[in-house]
Structure formats: structure tokens, C-alpha cells
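Worksheet: one structure, shown below.
The values are calculated or read from the model by the stated rules, or taken from the named source; none is laboratory data. All figures in this text were calculated on a predicted structure; none of them were measured in a lab. Using ideal geometry, Cβ is built from the backbone for each residue, glycine included, and neighbour counts are taken over all protein chains shown. Ligands, DNA and RNA are excluded from the accessible area calculation, which covers all protein heavy atoms including side chains. Shrake-Rupley method; radii C 1.70, N 1.55, O 1.52, S 1.80 Å.
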Amino acid sequence: MRKLSAAEKAALQLLQEEGGSLIEWRVPETTEKEPVFGTIVPGMPVYQKLERMGLVFFTEEEPFDLPGDPLDGFQFSCEIYITDAGKALVRRS
């Protein structure tokens with residue numbers, strides 16, 4: 001496995017600190033630096049790359065199918081979870 005970038009390491013560390021998962025809408029579209037402390041805030045492309053590497057996975061949520069119900073068509077947010085392989089990398093670093 002190739003060496004992880006600082007953003008990829010930060011993403012795995014953040015997932016570990018958050019109990020193993022993040023709601024997808026909390027992840028910015030692009031990687032950013034936190035203005036006060038300058039820490040890296042990984043963006044969606046980082047998590048997608050980690051998914052291709054098998055270090056995280058995204059849940060797939062189905063919309064409600066309740067015709068006549070006010071929640072018909074409601075879509076839950078996907079979550080990003082760290083895998084066992086991702087946890088092992090965090091422990092080694």
C-alpha cells in the first residue's frame with residue numbers, strides 16, 4: 001500500500017475520533033484548512049479515494065416509499081464508516 005497523504009491520514013483520524021463514522025453532509029466538498037489552528041479538514045474526494053483503497057465505506061440509503069405520507073420520498077443522509085483496515089492504519093501511525 002502506498003503512503004497516505006496528510007489529508008488521508010487526517011480523514012481516518014477524524015473518523016476514529018468521531019466514533020467510527022461521519023454523516024456525509026458534514027464533509028466539505030473540497031479539502032480545507034481550519035482558519036484558527038490550520039488543521040486539515042478533509043473533503044469528499046479524500047474519503048472517496050479512501051473508499052477505493054478499502055479503508056472506509058459509504059452507506060447506501062433508500063428513500064421512504066410511503067405514498068400519501070408527508071415523508072414520502074424522504075432520503076436519509078449517507079454515512080462514511082472507517083473499516084478495520086482503516087482502524088489498523090490509524091493505530092500504526
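Table: residues versus (1) assigned to a helix (DSSP H, G or I); (2) among the hydroxyl-bearing types (Ser, Thr, Tyr).
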position	(1), (2)
25	yes, no
36	no, no
45	yes, no
61	no, no
69	no, no
77	no, yes
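Among the residues examined, residue 30 qualifies as over 15 Å from residue 91 (Cα atoms) and at pLDDT 95 or above.
Being surrounded by fewer than 13 Cβ atoms within 10 Å (Cβ to Cβ), without any contact (Cβ under 8 Å) to a residue 60 or more places away in the chain and under 12 Å from the mean Cα position of the chain (by Cα) is the requirement here; does residue 52 meet it?
On the way: surrounded by fewer than 13 Cβ atoms within 10 Å (Cβ to Cβ): yes; without any contact (Cβ under 8 Å) to a residue 60 or more places away in the chain: yes; under 12 Å from the mean Cα position of the chain (by Cα): no.
Against the criterion (surrounded by fewer than 13 Cβ atoms within 10 Å (Cβ to Cβ), without any contact (Cβ under 8 Å) to a residue 60 or more places away in the chain and under 12 Å from the mean Cα position of the chain (by Cα)), residue 52 does not qualify.
Listed by first and then second residue, the pairs with beta-carbon distance under 7 Å, at least 6 apart or on different chains, first residue in region 75-93 and without any contact (Cβ under 8 Å) to a residue 40 or more places away in the chain, second in a strand (DSSP E or B) and surrounded by 15 or more Cβ atoms within 10 Å (Cβ to Cβ), are 83/56; 83/57. Of the residues 40, 82, only one is modelled with pLDDT of 90 or more and open to solvent by less than 50 Å² (accessible area, probe 1.4 Å); which? Exactly one residue qualifies, and that residue is 82.
Going through region 23-46 one residue at a time, which ones are touching a helix residue (DSSP H, G or I) at 6+ places or on another chain (Cβ under 6 Å) and under 17 Å from residue 82 (Cα atoms)? Answer for region 23-46, where residues must be touching a helix residue (DSSP H, G or I) at 6+ places or on another chain (Cβ under 6 Å) and under 17 Å from residue 82 (Cα atoms): 27, 42, 46. Against the conditions (1) under 28 Å from residue 2 (Cα atoms); (2) at pLDDT below 95; (3) not aromatic (Phe, Trp, Tyr), residue 63 satisfies every one except (1).
Within region 10-29, the residues that satisfy the criterion of being surrounded by 11 or more Cβ atoms within 10 Å (Cβ to Cβ) and not aliphatic (A, V, I, L, M) are 13, 16, 18, 20, 21, 24, 26, 28.
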